[in-house]
Amino acid sequence: MSSILLSRVSLHACITILITFHIVCDTSWAEKIAFDVSGPLPKYPKGGKFGKGPIDLGGLEVYEAFYFKKIWSSESGGPKGLGASFYEPTAIPIPGFHVLGHYCKPNSVDKITPVLTAKDTTGNPRMGSLKRPIDYTLIWHMKDQNSTHLEGVYIWLPIAPFGYRAVGHIVTTSPERPSLDRVRCVRWEYTDLTDVDEWLWGGPNMVHVYTTKPRHGALSVPVGTFTAETSLKKYDLSCLKMFRGDPYAAMPNSIQIKKMIKTYGPWVYFHPDEQYFPSSVLWFFYNGASLHQNDQNLGFVLNNGDNLPTTGGPDDAYLDLPYDQNDKERVMRGFLHDAVSYIHVKPALGGIYTDVVIWLYYPFNGGGKLQLGPFTIDLGVIGEHVSDWEHITLRIDNFHGALRAVYLSQHAKGKWLRPREFELMNGTRPVVYAALYGHAHYATPTYHLHTAGNLDSLDIRTLYDEFEKMNSSSKSHIVRGDKYLGFGVRDDAEKSNKVMDIASSYEVVSIDYKSLAMQPWLNYIGRWGPKILYDFTKEILKIADKLPENVKQVAIKILNTLPPELLGEEGPTGPKMRENWFGDERV
């Protein structure tokens, strides 16, 4: 494998070969770990700097590490108690690039996520963007209990020269200080602050290891290294920054974007019992959508939203279903045959990624369900509202155009998943499931629970005592035999013959770095549905009255704690009015 790295092959061929690679270990055996890439890399049309390898941040080029040498591994500790392993990027395929820090992953994860290496391109030998550390601080160590020598694990913090910052730790199996040449520190102008993110490993009286995430906005660039904390001290590590202030330099052109969507566009399956399907926005307008504005007579939407207000506040106007009852019921059901996904393309994380945000519009959102221990409770009108905007985001790296993560919107927030956590159509296209009536997105066709907290032991006993009394009744509802010890809004997802192929039914409505004729409805400032005016307390009591008395009291208490956004109390604002249009996704 090393001979491949030494040969003068094309960058694209080298990347293709390295999608599945070996980690070179200190011993004679090697552990095979695959990059988190869904299928073979697409062959993108030529043009610009997208997909050409290293990305210039301005005085500093970055590129992903391909090979990793395993340094040390634990078989216990961490979130699932399975331990974690530490790796060093090695055999960097492009000359001049240096390691910025080591990498850690839980043993329960079989993928290496992106870890950056860097190259100084300032041409300034005295005050360049990278420098060796001047020393190391040993922040934690643990001796191998099975060894009579000093073997174990040692985690070091590089001490940066004045004006520079460390962006990663170094791990060794010896108490001997690492070579100063093993890592580089970064000049402070090229860095940004980070926050602790996901817990990777640790335990009582031990070090705790975390991933980090940029603290600030769109110009921050994560390195992929870890940070370590002890009971005595926290160590603040930095991330990188798009110093040139141009996150668009390596972004794809319009033809490359089409290739992305064709290669990675999801398939969205709807539940067999779904009644409220997506449609195009124009279908909603042309089929009688009504426009309500303060101090104005009832109106209708003209053309593609030419008369929709674009100033004021979100509560100054709202859209509603047609006035005629027959038309209203027809429009509520949507029109899957006409449905279009609306694509917004923007840079992410300093411009080293492209986010392809896929928006789906539904004319109506159905009522919800509550899971209360073993009871599944239909919430009736609670959760219903006119219009529903849901989205899926594809995060594609700009180094070579591989899909790295998929974001699924789920009520007020959502979740990032790796491509390999999905069923993949044609090897690259994620299969997504839209939940029944509420349309939240999931990667698996089963039930999902949005937990608002845990039930106390007395409530749990009450619920299961009552459930046992009803268990012989055909009216009782238990969730696949599982006994939940919590509660929350329940979403059901299942495959059916109702499916939307995003790659064949989309419209690119906005590219942040290109001039497109924007659809007028995108700039609409108001809500896409009216506020719900039902008496919430009355509706709760109406639902609770159908339950056994003991369960009723628990249900009322729980329903009053659920946040309004999970219950859909008002019509949503449009995509461009959401915080993720300009910022990152909510998780």
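The values are calculated or read from the model by the stated rules, or taken from the named source; none is laboratory data. From a predicted model like this one, the values you see are computed outputs, not experimental measurements. Note that we place each Cβ from the backbone using ideal geometry, even for glycine, and neighbour counts take in every protein chain shown. Side chains are part of the model used for accessible areas, which takes the heavy atoms of the whole protein and leaves out ligands, DNA and RNA. Shrake-Rupley method; radii C 1.70, N 1.55, O 1.52, S 1.80 Å.
Within segment 119-147, the only residue that satisfies the criterion of being closer than 19 Å to residue 211 by Cα and either open to solvent by less than 30 Å² (accessible area, probe 1.4 Å) or without any contact (Cβ under 8 Å) to a residue 24 or more places away in the chain (or both) is 139.
For segment 105-118, the set of residues classified as surrounded by 16 or more Cβ atoms within 10 Å (Cβ to Cβ) and in contact (Cβ under 8 Å) with a residue 40 or more places away in the chain consists of 105, 106, 112, 113, 114, 115, 116, 117, 118, listed by residue number.
For segment 246-266, a tally of residues being of a type in the set (D, E, K, R), modelled with pLDDT of 95 or more and either touching a helix residue (DSSP H, G or I) at 6+ places or on another chain (Cβ under 9 Å) or buried (at least 20 other Cβ atoms within 10 Å of the Cβ) (or both) returns 1. Of all the residues in segment 177-211, those that are in a loop (DSSP other than H, G, I, E, B) and in contact with a strand residue (DSSP E or B) (Cβ under 9 Å, 6 or more places away or on another chain) number 7.
Residues that are charged (D, E, K, R), assigned to a strand (DSSP E or B) and touching a Phe, Trp or Tyr at 6+ places or on another chain (Cβ under 7 Å) do occur in segment 381-389, at least one of them.
Of all residues in segment 76-117, those that are modelled with pLDDT under 90, closer than 23 Å to residue 204 by Cβ and in contact with a Leu (Cβ under 7 Å, 6 or more places away or on another chain) total 2. Regarding segment 273-284, can at least one residue be identified that is closer than 23 Å to residue 517 by Cα, touching a Gly at 6+ places or on another chain (Cβ under 6 Å) and of a type outside the set (Val, Ile, Thr)? The answer is yes, given that some residue of segment 273-284 is closer than 23 Å to residue 517 by Cα, touching a Gly at 6+ places or on another chain (Cβ under 6 Å) and of a type outside the set (Val, Ile, Thr). Would you check if there is a residue in segment 233-240 being open to solvent by 60 Å² or more (accessible area, probe 1.4 Å) and touching a residue at least 60 places away in the same chain (Cβ under 8 Å)? Yes, that holds for at least one residue. Pairs are defined by a Cβ separation below 9 Å, a sequence spacing of at least 6 or placement on different chains, a first member in segment 510-524 that is part of a strand (DSSP E or B), and a second member that is open to solvent by 40 Å² or more (accessible area, probe 1.4 Å); the pairs so defined are 510/516; 510/518; 510/576; 511/254. Please determine whether any residue of segment 173-184 is open to solvent by less than 60 Å² (accessible area, probe 1.4 Å), aliphatic (A, V, I, L, M) and under 22 Å from residue 82 (Cβ atoms). Scanning segment 173-184 turns up no residue that is open to solvent by less than 60 Å² (accessible area, probe 1.4 Å), aliphatic (A, V, I, L, M) and under 22 Å from residue 82 (Cβ atoms).
Of everything in segment 212-223 that's open to solvent by 30 Å² or more (accessible area, probe 1.4 Å) and outside any strand (DSSP E or B), which residue is farthest from residue 242 (Cα to Cα)? Residue satisfying both the conditions and the ranking: 215.
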